[in-house]
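Colleague: Structure incoming, see below.
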Amino acid sequence: MAHSPSLRILADANIPHVHEAFGTLGTVTLAPGRAVSASEVQAADVLLIRSVTEVDAALVHDQALQFVGSATIGTDHVDQDLLRQRGIPFAHAPGSNADSVADYVLTALLHHAVRTGTDLPTRTVGVIGCGNTGSRVARRCEALGCRVLRNDPPRAKNEPEHANLFVSLDTLLKEADIISLHVPLTTGGPHATRHLLDTDVVAAMQPATWLVNTSRGAVVEANAVRNGLHNGPIGALLFDVWPGEPAPAPDLIRDAAIATPHIAGYAYDGKVRGTHMLYQALCNVLDRPATWQPNDVLSAHAPATWHLAPPSARWPRTEAWHALAQQAYTIAEDDRRMRALASHPPKERAKAFAELRRTYPIRREMNRYAVAANSLLPAWHQPVSTGLTMQLTMPGATSSHMRST
């Protein structure tokens, strides 16, 4: 593609540092993701979006777009066949926020475990969908000492050498007492995931199962989950994504053990990483050198590492790990803000939901945090370093950047 100095770039206003990254490639115009119009796209050469913008024939008529990029892991909001037919290059950001989502899942599980007096390593975690994110969640739960069951039919079929790594959905439902969803939203084919958790699947769960959803709201069927929570085997909902977004049902918000506004993947590091991946992809299409580097903005917002206050060696292990996790990410604050939405009528609830996402405060990935190794029991080193992905520093390491419980 020949580069024009007047390249017109239309971008979702929630993509961070889009001006810094893309400004040298053209003129950047920002728009609310849910309100991007066909007329705005008509006037653009490049479209940069997140998951709230549906890229379909209604949005892309006969526009001569030269590039579409989505700063997200998922692509269910983009008609890629349409773009291919039009000869429009497309890129997204697989894996960009996988660590952020895994941080969220581990924090949510530890938070609910402490609240319910549960020793988390005694639980069996079933991970449905083992791509970039699900694989991280599985590995990190194992590092905490949990037994982990992995279910991913496409991978089990396409990777026969790893077939023994995966179990059937039936096996997972029979043996797991925590289920975490990490599948893309698909509506066709042999492994469609839309309403994957329907009445039959919910009924097959173990009693008092914790259900975690950070994938897509439509992966679960709302009434099936609602009935499972009140009359069946679901013991707790830990939901970041919701049926009916951006206006989740008030009763589901109120009844969830943890309720957050689709922000599991919103750690600042992952969002900036997604911007950089799209920037690199566009530079490749333009045959231009990529000069903008994400570390320039990441380092401007925080020290390279925060050193955390260690938990007492006398505490139970789950409480100790939670004490570290909450210093990096206080999930209770996101839950508190989300619960206020339950009292709003639908239109106001949708606006408030979008506003929570738009104004989400900067949160950093857990791998930015460190704790002195000699302040922890040796048995906690692996759970903290691999499970929480926090750095273990050696004696004598100091920093003025301390966080305390």
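The values are calculated or read from the model by the stated rules, or taken from the named source; none is laboratory data. What you are looking at is a predicted structure, and each value in this text was computed from that prediction instead of being measured. Neighbour counts run over all protein chains shown; Cβ positions are idealised from the backbone, glycine included.
Colleague: With respect to Ala290, determine if the residue is under 30 Å from Val68 (Cα atoms), among the small types (Gly, Ala, Ser) and under 16 Å from the mean Cα position of the chain (by Cα).
Modeller: Criteria not met by Ala290.
Colleague: Okay, next question. Looking at (1) loosely packed, with under 14 Cβ neighbours inside 10 Å; (2) in a loop (DSSP other than H, G, I, E, B); (3) at pLDDT 95 or above, which is the one condition that is false for Thr171?
Modeller: Unmet for Thr171, out of (1) loosely packed, with under 14 Cβ neighbours inside 10 Å; (2) in a loop (DSSP other than H, G, I, E, B); (3) at pLDDT 95 or above: (2).
Colleague: I would also like to ask the following. (1) more than 23 Å from Leu298 (Cα to Cα); (2) not in a loop (DSSP other than H, G, I, E, B): which one isn't true of Ser6, the others all being true?
Modeller: Status for Ser6: all satisfied but (2).
Colleague: Name the one entry in Ala340, Ala290 that is outside any helix (DSSP H, G or I), free of Cβ contacts under 8 Å to residues at least 60 places away in the same chain, of a type in the set (A, V, I, L, M, F, W, C) and out of contact with any strand residue (DSSP E or B) (no Cβ under 9 Å at 6 or more places or on another chain).
Modeller: Result of the check over Ala340, Ala290: Ala290.
Colleague: Only residues that are closer than 15 Å to Gly74 by Cα and buried (at least 24 other Cβ atoms within 10 Å of the Cβ): list them for the stretch 242-265, please.
Modeller: His262, Ala264, Gly265
Colleague: OK, next. Give the number of residues within the stretch 243-272 that are part of a helix (DSSP H, G or I) and either modelled with pLDDT under 95 or under 25 Å from Pro16 (Cβ atoms) (or both).
Modeller: Counting residues in the stretch 243-272 that are part of a helix (DSSP H, G or I) and either modelled with pLDDT under 95 or under 25 Å from Pro16 (Cβ atoms) (or both) gives 5.
The rows are residues; the columns are (1) under 23 Å from Asn97 (Cα atoms); (2) buried (at least 18 other Cβ atoms within 10 Å of the Cβ).
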{"residue": "Tyr279", "(1), (2)": "yes, yes"}
{"residue": "Thr291", "(1), (2)": "yes, no"}
{"residue": "Val297", "(1), (2)": "yes, no"}
{"residue": "Thr305", "(1), (2)": "yes, no"}
{"residue": "Ala309", "(1), (2)": "no, no"}
{"residue": "Leu341", "(1), (2)": "no, yes"}
{"residue": "Arg349", "(1), (2)": "no, yes"}
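This table checks each residue for (1) in contact with a His (Cβ under 8 Å, 6 or more places away or on another chain); (2) under 20 Å from Thr214 (Cβ atoms).
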| position | (1), (2) |
| --- | --- |
| Pro310 | no, no |
| Ala320 | no, no |
| Ala328 | no, yes |
| His344 | no, no |
| Arg349 | no, no |
| Glu355 | no, no |
| Met366 | no, yes |
| Val371 | yes, no |
| Leu377 | no, no |
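Colleague: Still on this structure: May I ask you to list the residues in the stretch 76-104 that are under 16 Å from Val41 (Cβ atoms), hydrophobic (A, V, I, L, M, F, W, C) and in a loop (DSSP other than H, G, I, E, B)?
Modeller: Selection gives Ile88 alone.
Colleague: Of everything in the stretch 30-51 that's modelled with pLDDT of 90 or more and in a loop (DSSP other than H, G, I, E, B), which residue is surrounded by the most Cβ atoms within 10 Å (Cβ to Cβ)?
Modeller: The selected residue is Ala44.
Colleague: Just give me the residues in the stretch 106-126 being more than 19 Å from Leu173 (Cα to Cα) and assigned to a helix (DSSP H, G or I), in sequence order.
Modeller: Selection gives Leu106, Thr107, Ala108, Leu110, His111, His112, Ala113, Val114, Arg115, Thr116.
Colleague: Continuing with the same structure: Do the conditions hold for Val68, that is, is it crowded, with 19+ Cβ neighbours inside 10 Å, in contact with a strand residue (DSSP E or B) (Cβ under 9 Å, 6 or more places away or on another chain) and farther than 18 Å from Asn284 by Cα?
Modeller: Taking the combined requirement at face value, the residue does not satisfy it.
Colleague: Just one of (1) at pLDDT below 95; (2) basic (Lys, Arg); (3) touching a Leu at 6+ places or on another chain (Cβ under 9 Å) trips up Arg123, so point out which.
Modeller: Going through the list (1) at pLDDT below 95; (2) basic (Lys, Arg); (3) touching a Leu at 6+ places or on another chain (Cβ under 9 Å), Arg123 breaks only (1).
Colleague: Of the residues that sit in the stretch 143-168 and are among the hydrophobic types (A, V, I, L, M, F, W, C) and either within 23 Å of Thr386 (Cβ to Cβ) or touching a residue at least 60 places away in the same chain (Cβ under 8 Å) (or both), which one is surrounded by the fewest Cβ atoms within 10 Å (Cβ to Cβ)?
Modeller: Leu165
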